[in-house]
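*Asks:* Okay, handing you the structure first.
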Amino acid sequence: MSPGRHPAGAPAAGLAAMAADRVVPPAGFTARLTALAAAAMAFLAVFALALALAAGRLADRWQDALAGTATVRVAAPPEAMAGTVRAVLAILAQTPGVAAARPLDSAEQRALLAPWFGPDLSLERLPLPTLIDVVAAPAGFDAEGLAMRLAAEAPGAILDDHGRWRRPLVAAAGRLRLLALAALALIGGTTAAMVALAAEAALAANRQVIGVLRLVGARDAYIARAFVRRFTRRTLFGAAAGTLAGMAAVAAMPAAGAAAGLLDGLAPAGLDWVLPLAIPGLAAIVAFAATRAAAFRLLRELP
C-alpha cells in the first residue's frame, strides 16, 4: 500500500466523524434554548436549596431555644401569692433535672407584654400571674411528674414546658424544608424535559443528515453520542452560569437579623456554600440521561 493510500473504511469513518460533529448545530435556537433553560433552572435551584437549608437552621434554632426552658405560671390571690411562689420555688429546687428557677420581675413581664399592649403598660392595674422561669439541665426533667406535684402541693401553679409551642413550629419548619426539596426535584424534572425536547427537535431537524450518516456506516450509538455530548456540555455551561448568578443573588440579600421571626437570612452558612456548587454537575447528569434516552428513542423511530 502506498503512503498516500488509506484503508478502505477510513474515508467513510472520517466522513461519518465530520458529519456527526455537525449533526447538532453549535449555535442557533436549540443551543440558546438549552443553555438559557439550564441557567434559569440552576438559578431557581440555588434559591430552593438555600430555602431548604434556611428551614433546617430555623427548625434547629427553635428546637434548641425552647427545649431547655419551661415556665411555671402561678395564679393565686394577692395575699397568698408570695407563699405560693415560695412553695413552687422549693419544689423546683428539689426536682431532679432543674438547673435553675427564678420569678420574673415586673420589668421582664412588661417586656413580654409590650408587643401586644405597648411599652407604657401599667402592671399594677392588671391581675397578672407570677411567671417563674425554669432552666432545665442537659438531661432534662420529668415534666409530667413535676406538673402533678405542683397541682398537689401548690394549687394555682401550672407548668408550661413550651411543648405546645415547640412542636408546631418545628413541624412547620420541617414542612417548609420538604417543600423546598420538592421544588428541587421539580426543577430537575423540568430541566430533563426541556433538554430532551431540545434534543428531539435537533434530531428531527437533522433527519436527512442522520440518514446520510447511516448510509456511510455510522451506528445509532455514535450519532446519539454526538447529541449527548453537545447537549450535556451546553447544560453544564448554562447551569454553571445560573448557579454563579444565583449564589451572587443569595449572598447579596440582606440578613434578617435576630428580630426577624421567620428566616435568619437565606444565605448559606459556612460549608453550606459548597452545596450549590454541585448543581451544575447534577444538571449535566440529568441532561446526559435525558438526551441519551430521547436520542435513542427518536433514532429507533426514524426509518
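*Asks:* Please work out the FRET efficiency for the pair L302 and L275, using the Cβ-Cβ distance as r and a Förster radius of 41 Å; give the result to the nearest 0.05.
*Replies:* Values: r = 41 Å, r/R0 = 1.00.
Given R0 = 41 Å and the Cβ-Cβ separation, E is 0.50.
*Asks:* For segment 166-174, take each phi angle, set θ = phi - 60°, evaluate the Karplus expression 6.51 cos²θ - 1.76 cosθ + 1.60, and give the result in whole Hz per residue in order, putting x for glycine and proline.
*Replies:* 5, 4, x, 5, 5, 5, 5, 5, x
*Asks:* Sticking with this one: When only Cα pairs under 8 Å and 6 or more residues apart are kept, what is the percent relative contact order across segment 76-155?
*Replies:* Values: 61 pairs, mean separation 33.8, N = 80.
Answer for segment 76-155 is 42 percent.
*Asks:* Explain nothing, just the number: dipole magnitude of segment 76-155 about its Cα centre with +1 on each Lys and Arg Cβ and -1 on each Asp and Glu Cβ, in debye rounded to the nearest 20.
*Replies:* Using Cβ point charges on Lys, Arg, Asp and Glu, segment 76-155 gives about 60 debye.
*Asks:* While we're here: Starting with the fewest neighbours, write out I132, I285, I187 ranked by other beta-carbon atoms found within 10 Å of each beta-carbon. If you can, show how the numbers build up before the last one.
*Replies:* Details: I132 20, I285 15, I187 23.
Listing I132, I285, I187 from fewest to most nearby Cβ atoms yields I285, I132, I187.
*Asks:* Moving on to the next point. Can you give the FRET efficiency for A111 and M253, using 1/(1 + (r/R0)^6), R0 = 30 Å, r = Cβ-Cβ distance, to the nearest 0.05? Mind showing how you got there, number by number?
*Replies:* Values: r = 30 Å, r/R0 = 1.00.
FRET efficiency, A111 to M253: 0.50.
*Asks:* Report the gain in length on full extension from A75 to R229: 0.36 nm times residue separation, minus Cα-Cα distance, nm rounded to one decimal.
*Replies:* On the way: separation 154, 0.36 × 154 = 55.44 nm, distance 7.42 nm.
Fully extending the segment from A75 to R229 adds 48.0 nm.
*Asks:* Here's something else I'd like to know. Once amide H atoms are placed 1.01 Å from N in the peptide plane, what residues at a sequence separation of 5 or more from R102, or on another chain, have their amide H within under 5 Å of its amide H?
*Replies:* Placed amide hydrogens put D133 under 5 Å from R102.
*Asks:* Given points 7 Å out from each Cα along the Cα-Cβ axis, report the A172 to D60 separation in nanometres with one decimal.
*Replies:* A separation of 2.1 nm, rounded to one decimal place.
*Asks:* Starting from the Cα of L215, step 7 Å along the direction of its Cβ; do the same at T190; then give the gap between the two resulting points in nm.
*Replies:* For L215 paired with T190, the spin-label model returns 4.3 nm.
*Asks:* On average over all directions, what projected area in square nanometres does segment 76-155 have, based on the convex hull of its Cα atoms?
*Replies:* Details: hull surface 24.5 nm².
Over all viewing directions, segment 76-155 projects a mean Cα-hull area of 6.1 nm².
*Asks:* Also: Points 7 angstrom from Cα along the Cβ direction at L282 and A137: gap in nanometres?
*Replies:* Each label point is offset 7 Å from its Cα along the Cβ direction, giving 4.4 nm.
*Asks:* Given R₀ = 30 Å, FRET efficiency for E144-L181 by Cβ-Cβ distance, to 0.05? Walk me through the intermediate numbers first.
*Replies:* Values: r = 35 Å, r/R0 = 1.17.
Plugging the Cβ-Cβ distance into 1/(1 + (r/R0)^6) gives 0.30.
*Asks:* Show me, for segment 297-302, the HN-Hα J-couplings you get by feeding each phi into the Karplus relation (A = 6.51, B = -1.76, C = 1.60, θ = phi - 60°), rounded to Hz, glycine and proline as x.
*Replies:* 5, 6, 5, 5, 7, 5
No value in this document is a laboratory result; all are computed from the given coordinates. Predicted, not measured: the structure shown is a model, and the values here were computed from it. Neighbour counts run over all protein chains shown; Cβ positions are idealised from the backbone, glycine included.
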